[in-house]
Amino acid sequence: MEKIINISNLTKDYGDGRGIFDFSFDVKRGEVFGFVGTNGSGKTTTIRNMMGFIKPQNGKITINGNDSWKDACEIKKYVGYIPGQIDFPDVGTGTKFLKIQADFLGIKDLSYMNKLIDMFKLDTEASLNRMSKGMKQKTAIVAAFMSEPDILIMDEPSTGLDPMMRDKLIELILEQKEKGKTIFMSSHIFKELENTCDRVAFIHNGKIINIVDRAQHVENMDKQYQIGFAEKKEYQEFLKCNYEILNRNENYNHLTIKINDTEMNKLFKTLEPYNIRYINYQPYTLEWYYTNIIEKQEV
Amino acid sequence: MINIEGGKEMAVIEVNNLTKDYDHGRGIYDVSFEVNKGETLGFLGPNGAGKSTTMRHLMGFAAPQKGNAKILGMDCRKEYAKILKSVGYLPGEVAIPEGLNGNGFIDMMQGLRKAKNPERIKKLSEIFEIDLQQNVKRMSIGEKRKLAVIAAFMNDPEILLLDEPTSGLDPVMQEKFIEFIKEEKKRGKTILLSSHMFAEVEALCDRIAIIKDGRIVSIVEAAEVKHGLRKIVEITFIGIEDYKRFLNEKFEFERMNEEQLKVDIVMEDADVNKFLAVIVNYKVAIFVENPVTLEDYFMHFYKNDKKFGGVTNGKNNKHQ
């Protein structure tokens with residue numbers, strides 16, 4: 001598939017080990033690409049480089065063939081953007097702001113904008129400086145999506161949204177993905193990444209640690225279960241049973257095992273004679289990836 | 001400072017019929033609740049429901065039209081300066097003056113509060129991994145939030161008002177924050193916490209108040225809610241015969257999918273041995289759990305059927 005966003009050797013060094021170093025990756029047309037990392041790891045810096053707000057020291061970014069620094073104006077015509085921190089110009093109400101944006105983007109038919117306003121239950125008549133954080137975020141979402149741009153670049157788009165609105169945002173992302181749009185987003189909410197992204201890049205201290213294919217991570221994975229035993233004797237007996245034990249706790253008589261789906265029936269047979277208190281499935285999620293990949297980098 | 005009446009402790013935080021109408025149906029109306037000493041009250045509700053407005057009244061930033069907010073028996077608007085000594089506040093939106101570095105900001109805040117706690121500040125900056133030498137201008141959004149966290153906790157206040165405290169923090173920091181608050185709870189702190197993150201509500205709150213359209217619609221004990229959550233397991237069978245045979249077993253079926261040979265059943269921990277005795281007679285391909293979370297439980301409070309006027313091309317955009 002065609003590469004629509006291309007980042008090669010992108011470097012911006014702020015000194016003291018801060019910044020981003022030698023970032024290279026690309027986003028394909030029609031892909032939803034997630035960007036995950038600790039606070040201060042360089043997510044916003046990367047996004048601000050993509051939008052042409054910062055000039056890279058080294059390397060370059062092209063979006064749809066345009067250079068993100070030199071052709072920043074051109075790029076803004078077909079890229080919808082949600083910044084990480086929203087500061088609206090002082091133009092009065094949400095309605096006024098959205099109309100200014102619509103004029104700027106040359107949108108004549110406001111019906112899609114109004115569909116979004118209704119979808120996010122946005123009270124646009126509220127004054128921008130009276131809006132709560134969540135309302136501002138919703139206004140920014142409407143402004144970014146209302147022209148149905150080919151490319152969306154979003155910096156933690158669900159910050160401050162309530163759970164219902166987070167689900168609406170996921171719905172909207174999937175709807176735009178269906179229409180072939182390319183979406184790049186950073187996030188700390190694993191649920192929204194899992195539900196939307198084709199690939200997720202993990203970054204830490206300004207370096208890309210790993211890029212994970214969602215399909216690959218959901219399938220082909222062994223599963224983990226936490227099992228609680230009622231009796232110490234049975235807990236100890238189970239330990240001898242040749243299962244891969246990830247961790248155990250003598251005090252609570254519980255342990256976590258890792259097994260393949262094909263061994264599930266064998267596990268049930270092993271457990272059947274025992275007095276079991278609970279079996280908790282512990283899903284492998286992006287969060288698991290995060291804590292196991294990113295946290296280990298700290299050491 | 002705690003008043004004791006007839007052996008029963010008075011609420012540390014008290015909100016009585018608090019009303020502030022911003023027109024167009026925006027505002028808070030007759031909001032009443034209390035937070036007792038040592039208690040953590042979760043404050044949930046849709047965006048724009050009035051959580052931050054209520055918090056801001058507790059800080060004395062806004063004057064109520066009706067009712068009052070009290071902390072330690074003192075009126076929040078009239079005696080905000082006295083109250084400030086006992087309260088740590090983490091605002092929902094953090095605006096930190098640029099041009100300072102982290103230490104400069106902390107010094108400024110200490111000056112405002114006329115307090116010095118270098119050791120606690122050092123400890124906090126280690127827990128939350130923040131470099132206080134760094135210029136605020138260079139800090140990312142998450143780092144600014146961490147700085148606000150330190151400012152809220154540095155004087156070790158006995159009351160904490162936390163407005164979406166972990167929003168913008170990365171997952172590792174979210175976890176650290178929850179652990180930190182757990183410790184503060186053990187030390188007897190009284191906490192009001194607004195949040196959209198159910199993991200933190202579940203881990204920290206004793207009671208949960210729900211606000212919707214500016215009104216309190218429900219206040220529940222967290223333990224009661226957690227107790228009512230049921231565990232759902234999803235079983236995929238290898239063959240259609242097994243799938244069909246299993247449907248005759250005595251379980252509470254939540255969902256069935258013949259095409260995928262998949263069933264969802266309710267399985268309380270107490271039933272696990274009964275379940276094992278049955279399941280060994282079947283060939284199972286996949287066994288996973290769909291945990292029912294607090295989020296599922298509370299989701300219906302976030303439904304919004306309100307119609308807001310859209311934007312038209314004409315000059316007059318009156319609210320409908």
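Quick one: in the stretch B:143-156, of everything that is in contact with a helix residue (DSSP H, G or I) (Cβ under 9 Å, 6 or more places away or on another chain) and away from every other protein chain (no Cβ under 13 Å), which residue is surrounded by the fewest Cβ atoms within 10 Å (Cβ to Cβ)?
For the stretch B:143-156, the residue satisfying everything is B:156.
Name the residue that is surrounded by the fewest Cβ atoms within 10 Å (Cβ to Cβ), counting only residues in the stretch A:148-199 that are of a type in the set (A, V, I, L, M) and within 13 Å of another protein chain (Cβ to nearest Cβ).
So, considering only residues that are of a type in the set (A, V, I, L, M) and within 13 Å of another protein chain (Cβ to nearest Cβ), the one surrounded by the fewest Cβ atoms within 10 Å (Cβ to Cβ) is A:164.
Taking the stretch A:81-93 only, how many residues are at the interface with another protein chain (Cβ under 10 Å from one of its Cβ atoms) and more than 20 Å from residue B:95 (Cβ to Cβ)?
Adding up the residues that qualify gives 1.
Just a yes or no: is a residue in the stretch B:98-121 without any contact (Cβ under 8 Å) to a residue 40 or more places away in the chain and surrounded by 19 or more Cβ atoms within 10 Å (Cβ to Cβ)?
yes
Is it true that residue A:11 is at negative phi, within 9 Å of chain B (Cβ to nearest Cβ) and not in a loop (DSSP other than H, G, I, E, B)?
No; evaluated as a whole, the condition is false for this residue.
Quick one: residue B:242 ticks every box in (1) acidic (Asp, Glu); (2) within 35 Å of the chain's Cα centre (by Cα); (3) modelled with pLDDT of 95 or more bar one, so which box is it?
(2)
Each row is one residue, and each column tells you yes or no for (1) of a type outside the set (A, V, I, L, M); (2) within 22 Å of residue A:35 (Cα to Cα).
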site: A:78; (1), (2): yes, yes
site: A:96; (1), (2): yes, no
site: A:128; (1), (2): no, no
site: A:132; (1), (2): yes, no
site: A:138; (1), (2): yes, yes
site: A:165; (1), (2): no, yes
site: A:170; (1), (2): no, yes
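Report whether or not residue A:141 is away from chain B (no Cβ under 13 Å), aliphatic (A, V, I, L, M) and either buried (at least 24 other Cβ atoms within 10 Å of the Cβ) or assigned to a helix (DSSP H, G or I) (or both).
So residue A:141 does not fit the description; no.
I'm trying to understand the selection: among the residues of the stretch B:160-196, which are crowded, with 21+ Cβ neighbours inside 10 Å and of a type in the set (A, V, I, L, M)?
Answer for the stretch B:160-196, where residues must be crowded, with 21+ Cβ neighbours inside 10 Å and of a type in the set (A, V, I, L, M): B:160, B:161, B:162, B:169, B:173, B:181, B:191, B:192, B:193.
Of the residues B:235, B:216, only one is over 17 Å from the mean Cα position of the chain (by Cα), crowded, with 21+ Cβ neighbours inside 10 Å and assigned to a strand (DSSP E or B); which?
The match here is B:235.
Results for (1) closer than 22 Å to residue A:229 by Cα; (2) modelled with pLDDT of 80 or more, shown as yes or no for each residue.
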site: B:218; (1), (2): no, yes
site: B:231; (1), (2): yes, yes
site: B:236; (1), (2): no, yes
site: B:270; (1), (2): yes, yes
site: B:275; (1), (2): yes, yes
site: B:285; (1), (2): no, yes
site: B:306; (1), (2): no, no
site: B:317; (1), (2): no, no
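Based on this model, can you work out whether residue B:290 counts as free of Cβ contacts under 8 Å to residues at least 12 places away in the same chain, facing chain A (nearest Cβ under 10 Å) and surrounded by fewer than 18 Cβ atoms within 10 Å (Cβ to Cβ)?
Working: free of Cβ contacts under 8 Å to residues at least 12 places away in the same chain: no; facing chain A (nearest Cβ under 10 Å): yes; surrounded by fewer than 18 Cβ atoms within 10 Å (Cβ to Cβ): yes.
It is false that residue B:290 is free of Cβ contacts under 8 Å to residues at least 12 places away in the same chain, facing chain A (nearest Cβ under 10 Å) and surrounded by fewer than 18 Cβ atoms within 10 Å (Cβ to Cβ).
Does residue B:42 satisfy the condition of being within 14 Å of chain A (Cβ to nearest Cβ) and modelled with pLDDT of 95 or more?
Yes; evaluated as a whole, the condition is true for this residue.
Which count do you get for residues in the stretch A:1-58 that are of a type in the set (Asp, Glu), over 28 Å from residue A:176 (Cα atoms) and free of Cβ contacts under 8 Å to residues at least 24 places away in the same chain?
So the answer is 1.
Residue check: is residue B:106 outside any strand (DSSP E or B) and away from chain A (no Cβ under 14 Å)?
So residue B:106 fits the description; yes.
One residue is enough: does the stretch B:147-163 have a residue meeting the conditions of a type in the set (Asp, Glu) and touching a strand residue (DSSP E or B) at 6+ places or on another chain (Cβ under 6 Å)?
The answer is yes; a qualifying residue exists.
In the list A:108, A:115, which residue meets the criterion of being more than 24 Å from the chain's Cα centre (by Cα), assigned to a helix (DSSP H, G or I), surrounded by fewer than 23 Cβ atoms within 10 Å (Cβ to Cβ) and within 14 Å of chain B (Cβ to nearest Cβ)?
Only one candidate qualifies: A:115.
Identify the residue in the stretch B:22-42 that is within 30 Å of residue B:309 (Cα to Cα) and assigned to a loop (DSSP other than H, G, I, E, B) and, among all such residues, is nearest to the chain's Cα centre (by Cα).
Taking the candidates together, the pick is B:26.
Out of the residues in the stretch B:253-277 meeting the condition of being surrounded by 15 or more Cβ atoms within 10 Å (Cβ to Cβ) and of a type in the set (Val, Ile, Thr), tell me which one is farthest from the other protein chains (Cβ to nearest Cβ).
The qualifying residue farthest from the other protein chains (Cβ to nearest Cβ) is B:263.
If you take the residues in the stretch B:215-245 that are touching a helix residue (DSSP H, G or I) at 6+ places or on another chain (Cβ under 8 Å) and of a type outside the set (Val, Ile, Thr), which one is nearest to residue B:286 (Cα to Cα)?
Ranking the candidates gives B:237 first.
Considering B:217, B:225, B:201, B:284, which residue is of a type in the set (Val, Ile, Thr) and over 30 Å from residue A:132 (Cβ atoms)?
After ruling out the rest, the residue left standing is B:284.
I want to confirm something. Restricting to the stretch B:132-179 and keeping residues that are assigned to a helix (DSSP H, G or I) and over 16 Å from residue A:40 (Cβ atoms), which single residue is nearest to the chain's Cα centre (by Cα)?
Filtering first and then ranking leaves B:178.
Out of curiosity, is residue B:161 away from chain A (no Cβ under 14 Å) and either out of contact with any Cys (no Cβ under 6 Å at 6 or more places or on another chain) or hydroxyl-bearing (Ser, Thr, Tyr) (or both)?
Answer is yes for this residue.
Output the strands (runs of 3 or more DSSP E) that fall wholly within the stretch A:237-291 and possess 1 or more residues being charged (D, E, K, R) and over 16 Å from residue B:269 (Cα atoms), or say none. Write out each step before concluding.
Values: elements: A:244-249, A:254-259, A:276-282.
The strands (runs of 3 or more DSSP E) meeting that bar are A:244-249, A:254-259.
Would you please name the residue that is surrounded by the most Cβ atoms within 10 Å (Cβ to Cβ), looking only at residues in the stretch B:6-39 that are away from every other protein chain (no Cβ under 14 Å) and small (Gly, Ala, Ser)?
My answer is B:11.
Output the helices (runs of 4 or more DSSP H) that fall wholly within the stretch A:152-227 and possess 3 or more residues being under 20 Å from residue A:4 (Cα atoms), or say none.
The helices (runs of 4 or more DSSP H) meeting that bar are A:163-178.
What are the residues in the stretch A:42-79 that are of a type in the set (A, V, I, L, M) and either part of a loop (DSSP other than H, G, I, E, B) or within 14 Å of chain B (Cβ to nearest Cβ) (or both), if any? Working first, answer last.
Step one: of the stretch A:42-79, the residues of a type in the set (A, V, I, L, M) are A:47, A:50-51, A:54, A:61, A:63, A:72, A:75, A:79.
Result: A:47, A:51, A:54.
Just to be sure before I move on: is residue A:222 at pLDDT 85 or above, more than 11 Å from chain B (Cβ to nearest Cβ) and in contact with a Lys or Arg (Cβ under 7 Å, 6 or more places away or on another chain) in the structure I sent? Give the steps one after another, and end with the answer.
Values: at pLDDT 85 or above: no; more than 11 Å from chain B (Cβ to nearest Cβ): yes; in contact with a Lys or Arg (Cβ under 7 Å, 6 or more places away or on another chain): yes.
Criteria not met by residue A:222.
The values are calculated or read from the model by the stated rules, or taken from the named source; none is laboratory data. What you see is a predicted model; the values in this text were computed from it and never measured. All Cβ positions, glycine included, derive from the backbone under ideal geometry; neighbour counts span all protein chains shown.
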